[in-house]
Each structure stands twice: as C-alpha cells, then as structure tokens.
Amino acid sequence: MDYKAEVYKSGRITIPIEIRKQFQIAEGDILTIRQENGELKLITPQQALDHARQLVQPYLQSTESSVDKFLEWRREEGTREERDLASSEEA
C-alpha cells in the first residue's frame, strides 16, 4: 500500500500512524535513509539489526559459547599444570 507524506519547509515529513505501528517506530527512533537503485528506503533500527545478523551468520562457526570453550580449556590446562607440579615434586 502506498502512503503520501508532505515534505515541510525544514525537510521534515510525518510517517503515517499505520506505518509507525506496523514497524514499531517510536518517537525518538533514528531511521536510516538509504538511496538504492534510484529509490529512497527507510530502515528501522530493528531492520538494520536483522540485516547485520544475516551478514554475520555465515561467519559464526559454532553455536557453542566461546566463553564456555575457554573455561573448559582453562580447566584442562589447570589440571595439566597440577599434574606437572606433582610430578616435579616427586622427583
């Protein structure tokens, strides 16, 4: 559906309420205006975030937490250090 919006002297426009509700645009939100293929597009913060997630997704190697992996590695390293220390004290 198309909507019309008047451009005011200061360059401001009013986004119709139906669109603001549908896209959850609130007062104070910062929208991105993109020029693409000779057209203007308004992009909401949520749309920008969703797009960024789509771009990053192929580079994520695992759903496993890197913090959990680090902690597991550190526990294993600590166990090895304790074993090495015990071995050197026996000698």
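Rounded, prolate or oblate, given the Cα gyration tensor of region 11-53, with a/c below 1.5 counting as rounded? Please report the intermediate quantities before stating the final value.
Numbers: a/c = 1.85, a/b = 1.11, b/c = 1.66.
It is oblate, given that a/c is not under 1.5 and a/b is not larger than b/c.
For the chain, the set of chymotrypsin sites (Phe, Trp or Tyr not before Pro) satisfying both a DSSP loop assignment and a count of at most 12 other C-beta atoms within 10 Å is given as TYR3, TYR8.
At a temperature of 37 °C and a viscosity of 0.692 mPa s, determine how fast the chain diffuses translationally according to Stokes-Einstein, using the Kirkwood radius over alpha-carbon pairs as Rh; express D in µm²/s, rounded to the nearest whole number. For these conditions, the coefficient is 175 µm²/s.
With only Lys, Arg, Asp and Glu charged, each at its Cβ (+1 for the first two, -1 for the last two), find how big the charge dipole of the chain is about the Cα centre; round to the nearest 20 debye. The dipole of the chain has a size of about 920 debye. For the chain, the longest principal axis of the Cα atoms and the long axis of helix 45-56 meet at an angle of about 40 degrees. Modelled this way, with points 7 Å down the Cα-to-C-beta line, the labels at SER88 and PHE23 are 6.3 nm from one another.
Among residues other than GLU89 with Cβ under 13 Å from its Cβ, the summed charge is -3 (Lys and Arg +1, Asp and Glu -1). The angle between the Cα long axis of helix 66-90 and the longest principal axis of the Cα atoms of the chain comes to about 10 degrees, rounded to the nearest 10.
Laboratory data are not the source of any read-out in this text; all were calculated from the coordinates shown. Keep in mind that this is a model prediction, so the values were computed, not measured. A quick note on method: Cβ atoms are made from the backbone with ideal geometry, for glycine too, and the neighbour counts reach across all protein chains shown.
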